[in-house]
Amino acid sequence: MPVVAPGSLVLLIGGKTTFCQQLIVDGRLPPNAAISPDLLRAQVFDSIEEGREKGRIERLTLELVELRLQYGKTVVPDDHNLLPERRKAFHLLAERWKRPTTAVVFDTLLDELLHRGLHGGLGLPGPVIHRPLRPPVRRRARPDRHRRQAGGDRR
């Protein structure tokens, strides 16, 4: 892993807790850098599998990440961060507080992601996990398509 500047946002994409804990043990991350939605769920519901209050747990995670960034503390949202919109929310917080961002992308096997997503508390259905792996599809509008929609078929 590259050297992380103090006060950075570190995004782990496709992997999480074990790697994050090892970085802390190795002294490469501060002991309190990790903000874990799983731990927050466990603190509230005594289980990381609990699905209630998902939105509140996500907002609390964002709020805690922002507080660490605001005060110049390195922070790692200890989550899979597979959804682009989730990564963007964290990145916008880092930009707001003018903090650098480091992304670590794990080459995790698709079967493992699907298992974690469906059975490991990740709460992501298979199509969401597949989405980042698919190249974008570009479609061209047919010129006659707009004419038909506007005034019907004129052939």
### Task
Please find, within segment 63-75, the residue that is farthest from W97 (Cα to Cα) out of those that are in a helix (DSSP H, G or I) and in contact (Cβ under 8 Å) with a residue 24 or more places away in the chain.
L64
### Summary
Expected output for segment 50-62 (first residue farther than 11 Å from R86 by Cα and modelled with pLDDT under 95, partner surrounded by 15 or more Cβ atoms within 10 Å (Cβ to Cβ) and among the charged types (D, E, K, R), Cβ below 8 Å, 6+ apart or cross-chain) is E50/R41; I57/R41
### Task
Pull up segment 1-22, narrow it to residues that are in contact (Cβ under 8 Å) with a residue 24 or more places away in the chain and of a type in the set (A, V, I, L, M), then point me to the one that is nearest to R99 (Cα to Cα).
L9
### Query
With E58, E49 as the choices, which residue is in a helix (DSSP H, G or I) and not β-branched (V, I, T)?
E58
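Rundown of residues vs (1) more than 17 Å from the chain's Cα centre (by Cα); (2) surrounded by fewer than 19 Cβ atoms within 10 Å (Cβ to Cβ); (3) under 20 Å from T18 (Cβ atoms), yes/no style:
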| position | (1), (2), (3) |
| --- | --- |
| V44 | yes, yes, no |
| E50 | yes, yes, no |
| L60 | no, yes, no |
| L64 | no, yes, no |
| L69 | no, no, no |
| G72 | yes, yes, no |
| V76 | no, no, yes |
| L82 | no, no, yes |
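The values are calculated or read from the model by the stated rules, or taken from the named source; none is laboratory data. Since we're looking at a predicted model, the values are computed, not measured. Glycine also receives a Cβ, built like all others from the backbone with ideal geometry; neighbour counts cover every protein chain displayed.
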